[in-house]
1. What ranking do 771-779, 208-216, 48-56, 631-639 get when scored by the average of other Cβ atoms within 10 Å per residue, highest first?
2. Filter Lys94/Lys620; Lys822/Lys851; Lys233/Lys500 down to the pairs with a C-alpha to C-alpha distance above 28 Å, please.
3. Can you work out the Karplus-derived ³J(HN,Hα) for every residue in region 623-639? Use 6.51 cos²θ - 1.76 cosθ + 1.60 with θ = phi - 60°, whole Hz, and x for glycine or proline.
4. Between the alpha-carbon centers of region 451-490 and region 751-820, tell me the distance in whole angstrom.
5. For Cα pairs less than 8 Å apart in space and 6+ apart in sequence, what is the mean separation divided by the residue count of region 534-609, i.e. the relative contact order in percent?
6. With volume of the Cα convex hull per residue in Å³ as the read-out, I listed [x] 176; [y] 201; [z] 161; which label goes with the value calculated from this structure?
7. Compute the length gained on full extension between Ser140 and Val162: take 0.36 nm times their separation in residues and subtract their Cα-Cα distance, giving the result in nm to one decimal.
8. Place the peptides 138-151, 538-551 in order of packing, highest mean first, counting for every residue the other Cβ atoms within 10 Å and averaging per peptide.
Amino acid sequence: MMESEGEGEWVWVRRPTEAEAMGWAGEEAAQPLKLRFLEPAKHWTDAAPIGNGRLGAMVWGGVPTETLQLNDDTLWTGVPGNYTNPDAPTVLSKVRKLVDDGKYAEASLAAFDLSGHPSDVYQPLGTMNLEFGDSHVAYSNYQRELDLTTATAKVTYSLGDVEFTREHFSSNPHQVLVTKISANKSGSLSFIVSLDSKLHHQSSADGVNRIIMEGSCPGRRIAPKGNLFENNKGIQFSAVLDLKIGGNDSNVQVLEDMKLKVEGSDWAVLLLAASSSFEGPFINPSDSEKDPKSASLDTLNAIQKISFSQLFTHHVEDYQSLFHCVTLQLSKGSNSGGRTTVPLSQSYDSSILGTTCSLNNMEKVNTSNPSYSDQLTEEVLISTAERVKSFKVDEDPSLVELLFHYGRYLLISCSRPGTQIANLQGIWSKDIEPAWDAAPHLNINLQMNYWPSLSCNLSECQEPLFDYIASLAINGAKTAKVNYEASGWVAHQVSDIWAKTSPDRGDPVWALWPMGGAWLCTHLWEHYTFSMDKVFLENTAYPLLEGCASFLLDWLIEGRGGYLETNPSTSPEHSFIAPDSKTASVSYSSTMDMAIIREVFSEFISSAEILGRVESKLVKQIKKAIPRLPPTKIARDGTIMEWAQNFEDPEVHHRHISHLFGLFPGHTITMEKTPDLCKAAANSLYKRGDVGPGWSTTWKMSCWARLREAEHAYKLIKQLINLVDPDHESDFEGGVYSNLFTAHPPFQIDANFGFSAAIAEMLIQSTEQDLYLLPALPRAKWGEGCVKGLKARGNVTVSISWKEGELHEAHFLSKNQNLVRKLHYKGSVVTMNLCCGSVYTFNRFLRCVKKQAI
């Protein structure tokens, strides 16, 4: 039993930060950051996702029967692999000769022999099933919500005069999934709970308050129509469910040796812990010494004396220390009858610019006090799906706020220090064979997953990516040496939990792309420029950049016109019409290849300069190589050339915009330094068109933001906020589901993250010398607003407010060093000197009007 969890209990809730307390002073109150559903989920994409970085669940919210679909981020098919091909050098020579001879179609065909094996596949953990019986069929007053401020899913409904409540969250501090079920009438709660899985498993009750499920993942990819259970020598797993109940006449009994039946309870708390035998990408599961069952039991035993309210308090404190670092409020402006802003604070505390919140900022509230509920804003119960449908008409700015914060919520929930990287679906997947294996794809999707981590003030959520890059570098060194006879390390287009670095299986149009690791390496330098963490640069970033740069230098060969070139080369997933009218994908020196290489080389040299290593042989070689890289070229039609030659494009509306890497997320195409290339980039975006998958839409949003084209960036916001019908997915390009998951379709999580990053890019942009305020603000749509806690390069925390479409004031805080930056707004430029530890306030004329130490 657990101490009373009943009505009137005192719980700790965090005192609102200043960013929250300074709301909108208008007739319309701010919408709460909640996803709302007025019925149980009918499809998986109607369910509400929760997660602690590692352990996730999708809450369906059914009434007679409830399903929590479960995921553990370490459950994958397979074992560590051999990612080399000793025959590749011979094939590589053949392909290069065909490219040199202009036989691009033949080279594309020959390059099939450079392909490798497919990635392994992400697997679901299972389901927690709750059966409430036929008595719960005739329910009323149903509500389901996902509260982004507390990372909690909640279901409420009534049966006659009895109100039932279910609360769900996934605790990072205690590494358990927590469910509390309660009723407002004593003895009214009865249900059956069980665990199940699509994987090979067995489940059994251990006494009257525990269920233990043990199973295994397939030791290799499942062949089409293959028998899953004949292939169970992979990662082993366990899930253990603990049950606690309250009530004078409550009791529990075991059914069928695997289910627990609760009768006559007042409340019940279900705690689920899960673990696997995965110990890293280089250890075969058969050699693992980790016991998943014991690990799960240890997790539960450690919290036996912790109450639900204590678990919840620690969960909220941990989550909000990240989530509340940034606030965003948008309004159409007072003339449109929307919300109005108030100025940013005149005084500063620890939360002013998004620093970590703590229990010291909490106050006690008696939740049984009637006046407590009166303090809350009255909410009209409209489902999130209906809000999405009406966005085309009302263009509600608060829905943009919600989607912005949802991306931040999802990143916190699926990527935390010590977890695996966020895969193609974050951590949420229901299928044995998910779309594209839910594998991390390195030609845009994995990178986009982490775009909001820096600008949106979630830096620690990026740590799993750095761990992953380090693993790729180990396997990638073998691939580089054997496949390409090169130094350093390489990774290609798709990978998995085993840090696969060899090419994918199949067509070279996607499989033959050795730039995946290089693109990932740009995140290392970006992390440094945002954090200014020299220890990270020296110990983590530099060795990985050095290995990547070494491979790229070897991969470059003498080419046409005295330039260095990459051969073979592709533009991810896109083909061209060769001069002989044949369709091909393999040529030389694609624009994206050169843009990524130029970026990595520049970042490696900058790192060496900071660390005092400019005299190294590799640095000198790269400095000589940079001027010999082919420049980005403009085609006859005024667009950026995607390939080294002006090939005909058979699919002008292709989903990828790889040739615009230099514009975003790269830095080699800028409004200030390369205006002609920016004009060509805009022409390329017009030519590609706006329609595309969710991730393509949000990538284009950021590109238009970089071009300072606010209206076009906003147009793509409207395009993305389009409700997808799960029964007719093929009719849609992009869009969002009722739970705001973004669609390719089907579901891919990357656009959720890309959206948050794009909104930040519209409000603030920075380089290592410059900071731009409201560079792509759609003034007619968001006439008034306020954003607090965004990050700029140099570890500068930025807060901005605007009125009637114009800057009102801005605050800047440099956390750990004195900085000089050029501050830009609408063509005006001033030099800004920031002293460490002080907040500087600038007015709309870019004049510093206040400095205050904190």
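1. Highest-to-lowest ranking by the protection proxy: 48-56, 771-779, 208-216, 631-639.
2. Lys94/Lys620
3. 4, 6, 6, 4, x, 9, 6, x, x, 5, 10, 9, 6, 4, 8, x, 9
4. The distance from the Cα centre of region 451-490 to that of region 751-820 comes to 29 Å.
5. Values: 65 pairs, mean separation 23.0, N = 76.
Result for region 534-609 is 30 percent.
6. [z]
7. Numbers: separation 22, 0.36 × 22 = 7.92 nm, distance 1.03 nm.
Full extension of this stretch gives 6.9 nm more.
8. The peptides rank, most packed first, as 538-551, 138-151.
The values are calculated or read from the model by the stated rules, or taken from the named source; none is laboratory data. This structure is a prediction, so every number in the text was calculated from the model and none was measured. With ideal geometry, Cβ positions are generated from the backbone for all residues, glycine too; neighbour counts draw on all protein chains shown. Accessible surface areas use protein heavy atoms only, side chains included; no ligands, DNA or RNA. Shrake-Rupley method; radii C 1.70, N 1.55, O 1.52, S 1.80 Å.
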